[in-house]
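Reviewing the structure listed below.
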Amino acid sequence: MSMKNISQEKKDMINLSRRSFMVGSVKTSLFMAFGAAAIPSLLSAKESIKTKQFSPNVWFEMDTDGNVTVNIAKAEMGQHIGTPIARILADELECDWEKVSIVHVDTDPKWGYMITGGSWSIFHTYKPISQAGAAGRMVLTAAGAKLLGVPVDSCKAEKGFVISGNKKISYGDIVANGKVDKTFSADELAELPIKPGKKRHLIGVNADYKALDIPPKTNGTAVYGIDVEVENMLYARPILPPTRYGSTVTNVDDSKAKSLPGYKGYKVLTDPSGTIEGWVTVLATDYPTAIKAVDMVKVSYNAGKTANVSEADIQKEGERIVRDRKEGTVFVDEGNIELAQTQAAQTIEALYTTATANHFQLEPLNAIAEFKGGKWHIHTGNQWQSLTLPTVAKAAEVPESDVVLHQYYLGGGFGRRLFGDWVVPALLTAKAAGQPVKLVFMRPDDTLFDQPRSASTSLFNASFDENNQFLGMEHALAAGWPTLKMAPGFLAPGVNGEGKVDMFSASGADHWYTMSHHRARAVNNKVAQDTFTPGWLRSVGQGWIVWGLESFIDEVAVKANKDPVDFRLAMLDGKGKQGGKAPESVGGATRLANTLEILKKKTANVKLGADEGIGYSVSAGQERTMPAWLATAAHVHVNKRTGKITVKKLWVVSDAGIVIHPDGAMAQLEGSLLWGLSLALFEHNEVKNGQVSKTNLHTYLPLRMNDVPEMDIELVESEEFPVGLGEPGVIGVAPAIGNAVYQAIGVRLRHLPMLAQHVTAALKA
C-alpha cells in the first residue's frame with residue numbers, strides 16, 4: 001500500500017520542487033529561495049528576497065568571499081544530517097567545500113514542514129536541494145560570463161570559480177560586482193537537469209570530505225537543549241501520575257519540602273490540549289533542590305482505568321486480536337488466501353512476539369518555556385516541530401504564530417523526540433508561575449513518560465500443496481499504534497478503502513517477495529493504546545514486524561526442504577509490483593536479491609564450530625515508497641548449558657542508492673546494527689500496574705561494550721535515487737540471529753529479546 005496520499009502536509013513537504021525558485025543579490029549577499037508561484041508575478045526575485053515576501057524556504061546564502069551558509073531545517077541528534085544536505089547542494093553549486101558552513105533554524109512558516117524521522121531527510125531533500133544548487137550555479141555562471149566578457153556557453157563552474165579558457169572569476173567577486181535577479185518558474189525548475197551520480201565529486205561511496213557537524217560536538221561548542229538558560233528562570237521537575245491517562249490529583253502535601261532553601265512550591269497542571277493528565281510539577285531556584293523536593297512532596301490521586309494493566313495483559317490481548325479475523329484492517333490482499341488454505345495439503349503456524357522496549361536516549365527530556373515579546377518561546381530539541389507546535393499553542397491557548405520553537409542539538413532522539421509532549425508541562429508550569437521555567441526530567445521520569453515501542457504480536461500461517469510447495473501466507477500483526485495517537489492524519493485506508501491502518505506499524509509486512517497468495521492484516525492493540533502513548537522507536541514497525549516475517553520465512557524454507565537463502569532469492573524475482581518504480585525503488589526486489597547474493601558469497605567460506613550457525617535475513621526499510629535494500633547475516637555461538645547467545649560477527653550489504661556522505665552512512669549502519677542487536681538479545685521492559693517497571697539502566701539492560709561483535713558492512717555503489725539509512729540497519733539483525741540460533745542448535749525462538757532462559761527452555765522442550 002502506498003503512503004503517498006496520507007496527508008496534504010506530507011505532499012507539501014516532499015514536493016518543494018513544484019514551487020518557483022528565486023536567486024537574488026541583496027547588500028553584497030546572494031540569496032537563494034523557493035517561493036510560491038504567485039509571488040514572482042508580483043515581485044522580482046531581488047524584491048521578494050529583500051522584503052521577505054516569499055514562501056516558504058530560504059535554503060542558502062553566499063557572501064562576497066564566496067562563503068556559503070546552508071540553512072538546515074532538520075534536527076541534529078547525532079546523525080550529522082547537516083553535512084550530507086550541504087554536500088548535495090555544494091556539489092551542484094560547484095562551490096568550495098572549505099567555504100561551506102551550516103546553521104540549524106528555528107520554527108518559522110518560511111521553512112515549510114519540519115520533521116526529522118522515518119529516515120526521510122535525504123530522500124525528501126535530495127531533488128529540491130540539488131535543483132537549488134543547479135539553479136544557483138547557472139545564475140552565477142551567467143553573471144560571471146558577463147563580468148568576464150565571454151559567452152556563457154564557454155564557461156564552466158568549478159570549486160567556487162567561473163572559468164572560461166584562461167580567464168576566471170570567483171563566486172565572491174560575482175556576488176560583489178554582478179547583478180543577479182533571476183526567477184525560475186516551477187516548470188523551469190522541474191526541467192533543470194541535476195548531475196548523475198557518476199558526475200558528482202562531493203558525494204558517493206568514495207567521496208571523503210570533512211563533516212561540518214562533528215567539530216562542535218567534540219570541542220564543546222555544541223549547544224543542546226539541556227544546556228540552555230534564560231534570565232529569571234526557575235527549575236522544575238515533574239511528579240508523574242500513576243497512569244498515563246485518566247489520573248486526577250486529589251491532594252498535595254509539600255510540608256516537608258518547604259524546609260528546603262530554594263523551594264518555590266508546586267503547580268497542579270490543567271492542560272487544554274489534553275496531552276497530559278494528573279500532573280504536578282515542583283519548582284525551585286536550582287535543579288538539585290527540585291530533585292530533592294519531588295521526593296518530599298506527597299501527591300494523592302484517583303488513578304486511571306489502566307492502573308492494573310500488565311505486560312501479560314497486553315500480550316494476551318495481542319494474541320486474541322490476531323487470531324480473530326474480524327479484528328483490524330486488511331492492507332495487503334493478493335491472490336486468494338482462503339482458496340490456498342482450503343486446497344492446502346499442509347499448513348504451519350507460528351506466533352512471534354516482542355516485549356515493550358524504551359528509547360533511553362542519552363539526554364533526558366527537557367524544555368524551557370518563556371513568554372517574551374508577546375510570544376511563547378520554547379527552547380528544546382525536537383524532531384517534529386510541525387507536529388509539536390500546534391499542540392503547544394493549544395496548551396497555551398494562543399495562535400500558532402505566537403509560539404516559536406528554538407531548536408538545539410538533541411542528545412539522541414530515535415523517535416522519542418518526534419512528538420514534543422514534554423514541552424506542554426514546561427509551558428503550563430511557566431504560565432502558572434508567571435516566569436520562565438526550565439523543566440528537566442530525571443532518568444526515571446523520562447522513562448515513565450516515554451513513548452515506548454509497544455509489545456507486539458504477529459501470527460503467521462503458511463500453506464503447502466501435496467508436493468510440499470509453498471502456496472501462500474497469511475499474516476496478522478498487532479501492537480499499539482503511535483500514529484493513531486499522535487498524528488491520526490497519517491492513517492491510511494485499508495484494501496478497497498475499508499478501515500484505517502497505521503502504516504508505520506504495518507510496513508515490512510508488505511514485503512518484496514513474490515507470492516501467489518498473500519494477506520496481511522494490522523490490528524491496534526487497544527490495551528497497549530490505552531495504557532501508554534505508543535512511540536516511534538528507531539525502525540518503527542519494521543523492527544518487530546520483520547523479526548517475525550524473516551524468522552517465519554526461514555520456517556517455511558525448512559518445511560519446503562529449501563536452503564533459506566536460495567528460497568529467498570527465488571521469491572525476490574522482481575515480478576509485478578515487486579519490480580519497483582522510478583525514482584525511489586528502481587529495480588525493486590532484484591536489488592534486494594543482489595545484496596543477498598553478495599552476502600552469500602561473503603559468508604560462503606566461514607568455518608563454524610560446535611553449536612554455531614549463520615542466519616540470514618533481508619529487509620527493505622523504511623517504506624515501500626523509499627526502500628533501502630539490506631541483507632543481513634549473523635554468526636552466533638550458543639552455550640547449550642547456560643543458554644547464552646554470543647554474536648561473533650554481523651554482516652550487512654546495503655544498497656541505498658547514491659551514498660551522500662559515506663562516513664555518516666557507515667556510522668548510521670554501525671549504530672543501527674548495535675541497536676538491533678541490543679533489542680534482539682537484551683532490551684526489554686515490563687508493564688506492571690499500568691507503567692513500565694524498569695526505569696533506569698541498572699535494570700533496563702541494553703547492549704554493553706563486551707557484547708559488540710565484529711561487523712562487516714558493505715555499501716553497494718549505485719547511481720539510483722538516494723534513500724535513508726538511519727533506521728534500516730536495525731531491522732534485519734534480530735531475525736538473522738534467531739535463524740542462526742536455529743542453525744546452531746535446532747531450536748526456534750519466537751520472542752524478543754531472545755534471553756538465555758528462552759534457549760534453555762526451548763532445549764528442554
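I need the full set of residues from region 677-709 which are farther than 30 Å from Ala303 by Cβ and small (Gly, Ala, Ser), in order please.
Listed by number, the residues that qualify are Ser678, Ala680.
Residues to consider are Glu714, Glu719; find the one that is outside any helix (DSSP H, G or I), at pLDDT below 95 and farther than 25 Å from Asp313 by Cβ.
Unique residue meeting the criteria: Glu719.
Checking the conditions here, which among Ile614, Ile598 is in contact with a His (Cβ under 6 Å, 6 or more places away or on another chain) and either surrounded by fewer than 23 Cβ atoms within 10 Å (Cβ to Cβ) or at negative phi (or both)?
Going through Ile614, Ile598 in turn, just one is in contact with a His (Cβ under 6 Å, 6 or more places away or on another chain) and either surrounded by fewer than 23 Cβ atoms within 10 Å (Cβ to Cβ) or at negative phi (or both): Ile614.
Quick one: in region 652-681, of everything that is of a type in the set (S, T, N, Q) and in a helix (DSSP H, G or I), which residue is surrounded by the most Cβ atoms within 10 Å (Cβ to Cβ)?
The extreme case among them is Ser672.
Can you name every residue in region 253-271 that is more than 14 Å from Thr429 (Cβ to Cβ) and either touching a residue at least 40 places away in the same chain (Cβ under 8 Å) or assigned to a loop (DSSP other than H, G, I, E, B) (or both)?
Once the filter is applied, which keeps residues that are more than 14 Å from Thr429 (Cβ to Cβ) and either touching a residue at least 40 places away in the same chain (Cβ under 8 Å) or assigned to a loop (DSSP other than H, G, I, E, B) (or both), region 253-271 yields Asp253, Asp254, Ser255, Lys256, Ala257, Leu260, Pro261, Gly262.
For region 489-517, give me the residue count where each residue is touching a helix residue (DSSP H, G or I) at 6+ places or on another chain (Cβ under 7 Å) and farther than 20 Å from Ala593 by Cα.
8
Here are some conditions: (1) surrounded by 13 or more Cβ atoms within 10 Å (Cβ to Cβ); (2) part of a strand (DSSP E or B); (3) touching a Ser or Thr at 6+ places or on another chain (Cβ under 9 Å). Lys168 meets all but one. Which one does it not meet?
(3)
Yes or no: Thr514 among the β-branched types (Val, Ile, Thr) and under 25 Å from Ser273 (Cα atoms)?
No.
Looking only at region 481-515, which residues are assigned to a helix (DSSP H, G or I) and of a type in the set (Ser, Thr, Tyr)?
Correct list: Thr483, Ser505.
Which of the residues spanning region 531-575 are farther than 16 Å from Met473 by Cβ, in a helix (DSSP H, G or I) and of a type outside the set (S, T, N, Q)?
Of everything in region 531-575, those that are farther than 16 Å from Met473 by Cβ, in a helix (DSSP H, G or I) and of a type outside the set (S, T, N, Q) turn out to be Val540, Gly541, Gly543, Trp544, Val565, Asp566, Leu569.
Residue under question is Ile203, and the condition is that it be modelled with pLDDT of 80 or more, assigned to a helix (DSSP H, G or I), surrounded by 18 or more Cβ atoms within 10 Å (Cβ to Cβ) and not hydroxyl-bearing (Ser, Thr, Tyr); does it hold?
The answer is no for Ile203.
Quick one: in region 449-467, of everything that is of a type in the set (Phe, Trp, Tyr) and touching a strand residue (DSSP E or B) at 6+ places or on another chain (Cβ under 7 Å), which residue is surrounded by the fewest Cβ atoms within 10 Å (Cβ to Cβ)?
Looking at the filtered set, the residue picked out is Phe464.
Quick one: which residue in Ala290, Ala312 is under 26 Å from Gly381 (Cβ atoms) and assigned to a helix (DSSP H, G or I)?
Sole residue among the options that is under 26 Å from Gly381 (Cβ atoms) and assigned to a helix (DSSP H, G or I): Ala290.
Can you tell me which condition Thr342 does not meet? The list is (1) part of a loop (DSSP other than H, G, I, E, B); (2) without any contact (Cβ under 8 Å) to a residue 24 or more places away in the chain, and all the others hold.
Answer for Thr342: the failing condition is (1).
The values are calculated or read from the model by the stated rules, or taken from the named source; none is laboratory data. This is a predicted model, so every value here is computed, not measured. Please note: Cβ atoms are built from the backbone with ideal geometry, for glycine as well, and neighbour counts cover all protein chains shown.
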